[in-house]
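The values are calculated or read from the model by the stated rules, or taken from the named source; none is laboratory data. Source: prediction; values computed, not measured. A quick note on method: Cβ atoms are made from the backbone with ideal geometry, for glycine too, and the neighbour counts reach across all protein chains shown. SASA here: full protein model, heavy atoms, side chains in, ligands and nucleic acids out. Shrake-Rupley method; radii C 1.70, N 1.55, O 1.52, S 1.80 Å.
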Amino acid sequence: MLLTLDIGNTNIKSALFDDQHLKEFLVHFDSDKAVEYLNKITFNEAAICSVNPRVEKLLTINISEKRIKLFRASIRNKFNFKINYETPETLGMDRVCSAAGALEIATKEKLISNNQYLITIDFGTATTINIVSPSGEFNGGLIAPGITTMIKSLNEKTAQLPVPDLNNYNGLIGNSTNSSIISGVITSTVGMISETINQLITTSNQNMTIIFATGGNAKFILPYLKHKVLFEEALVLKGLKVIYNLNK
């Protein structure tokens, strides 16, 4: 049984794989819950993808105490694409894992052709858009504040702006301060994603790209995108498994 962990800035996601079968996917909202979970389950292999060194150290110690060999995804690994990134040492492995997972799914299910871009969007603390070129190169992408990060920042950096509930979005024109903030956050994120996709479509002379999305905040944005998007909640962990298998 393979345990995979995606250790993010806010949450920790885990997935248990029995050979090719995803048995369980969970989101842990703090490190104590994650440790509690690790102490309950049985696994004999482990792989992690982390952008949070403090939490990573805590979970690594726990796994090491079980005498289970741990694989840590890094830029030095083999991937199912080439890395074409100016500063690979700063590249977040969650971005690479999401692209690896999406490319594996798209290839196996014959969703992608030779001249199409592959895009992954991760709606987390940051909203990241990651791009694999038609020639099979990870070219980077865009990093922007996540929608909850935008809202928290407005609240913390101003004297009076509140923290509204994103579930209360009711259209482009906000007729209250709360609804105006929600519209600003959602519309700016939708606009960024749409413009990125449109430019790539123009570049590739294709009327479509293959787009995957993941992350807890996707539900607030996907209904307003005009392009077809495939949602995979365990996309990063599926990609981590791909990288693990390539480097065993």
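Annotations for the structure displayed:
- Across the range 63-108, the convex hull enclosing all Cα atoms gives 106 Å³ per residue.
- C-alpha center-to-center spacing [the range 14-49, the range 92-150] in angstrom: 23 Å
- Per-peptide average of other Cβ atoms within 10 Å, ordering 117-126, 130-139, 50-59, 163-172 highest first: 117-126, 130-139, 50-59, 163-172
- Counting DSSP beta bridges with both ends in the chain, the antiparallel % (nearest 5): 60 percent
- Between LEU70 and ASN115, the FRET efficiency estimated from the beta carbon spacing at R0 = 22 angstrom works out to 0.05.
- Cα gyration tensor category, rounded, prolate or oblate, for the range 173-248 with a/c compared to 1.5: oblate
- The apolar share of the surface of the chain, taken as the fraction of accessible area on carbon and sulfur atoms (1.4 Å probe, ligands and nucleic acids excluded), comes to 50 percent.
- Taken along its three principal axes, the alpha carbon spread of the range 100-248 comes to 51, 37, 22 Å, from the longest extent down to the shortest.
- Distance from the range 152-191 to the range 204-248 (C-alpha centre basis), Å: 26 Å
- By accessible area with a 1.4 Å probe, ligands and nucleic acids excluded, highest first: order of ARG72, ARG95, ARG67: ARG67, ARG72, ARG95
- Packing rank of 147-154, 99-106, where each peptide gets the mean count of other beta carbons within 10 Å, highest leading: 99-106, 147-154
- Total formal charge among the other residues, if their Cβ is under 13 angstrom from that of CYS49, Lys/Arg +1 and Asp/Glu -1: +1
- Most to least accessible of HIS227, HIS28, HIS21 (protein chains only, probe 1.4 Å): HIS21, HIS227, HIS28
- If the convex hull is drawn through the Cα atoms of the range 42-175, its volume per residue in Å³: 201 Å³
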